[in-house]
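The values are calculated or read from the model by the stated rules, or taken from the named source; none is laboratory data. Bear in mind the structure is a predicted one, so any value in this text is a computation, not a measurement. For neighbour counting, all protein chains shown are included, and Cβ atoms are generated from backbone atoms with ideal geometry for every residue, glycine included. Just so you know, the surface numbers come from the protein's heavy atoms only, side chains and all, with ligands and any DNA or RNA stripped out. Shrake-Rupley method; radii C 1.70, N 1.55, O 1.52, S 1.80 Å.
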Amino acid sequence: MFQNNKLDFYYKSNNINYSKIKLIKLLNIIKSKNIEYIMNLLGNFKTKGALLLKEIILNAYKHFSRQIESQTQNVYIKNILINKSISFKKLRAAPQGRANQIKKQFFKIILILKKWDKR
């Protein structure tokens with residue numbers, strides 16, 4: 001599915017408890033941008049999704065810099081994927097002896113980081 005180059009780095013975060021639609025709105029803003037620019041941008045948002053994304057991207061960047069062990073100045077997000085993970089189902093009591101089913105969905109985020117070379 002993906003070309004596995006030396007400069008690509010895949011980071012997966014599981015069981016994100018946040019709305020997929022709200023995450024996609026944020027991801028469209030930050031896709032194909034520099035990591036430093038993204039950190040400054042997400043620091044200005046006060047939503048739960050921005051805080052989650054900032055933490056995930058920071059962890060991915062740390063793991064990427066450990067793997068490369070060189071200057072990681074020009075790192076950007078090549079692609080971001082959101083996939084469905086597990087979903088919990090529970091029953092809540094309703095009037096007249098009925099029950100309502102509540103579904104709680106979780107998602108996993110796959111970040112693909114790439115180091116930009118000036119060639």
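Listed residues Leu113, Leu41, Leu51; which is open to solvent by less than 60 Å² (accessible area, probe 1.4 Å) and under 13 Å from the mean Cα position of the chain (by Cα)?
Matching residue, one of Leu113, Leu41, Leu51: Leu113.
Within the bounds of segment 91-102, is there any residue that is within 19 Å of the chain's Cα centre (by Cα) and open to solvent by 60 Å² or more (accessible area, probe 1.4 Å)?
There is no residue in segment 91-102 that is within 19 Å of the chain's Cα centre (by Cα) and open to solvent by 60 Å² or more (accessible area, probe 1.4 Å).
For residues in segment 33-84 being over 24 Å from Lys22 (Cβ atoms) and among the hydroxyl-bearing types (Ser, Thr, Tyr), which is modelled with the highest pLDDT?
Ser65
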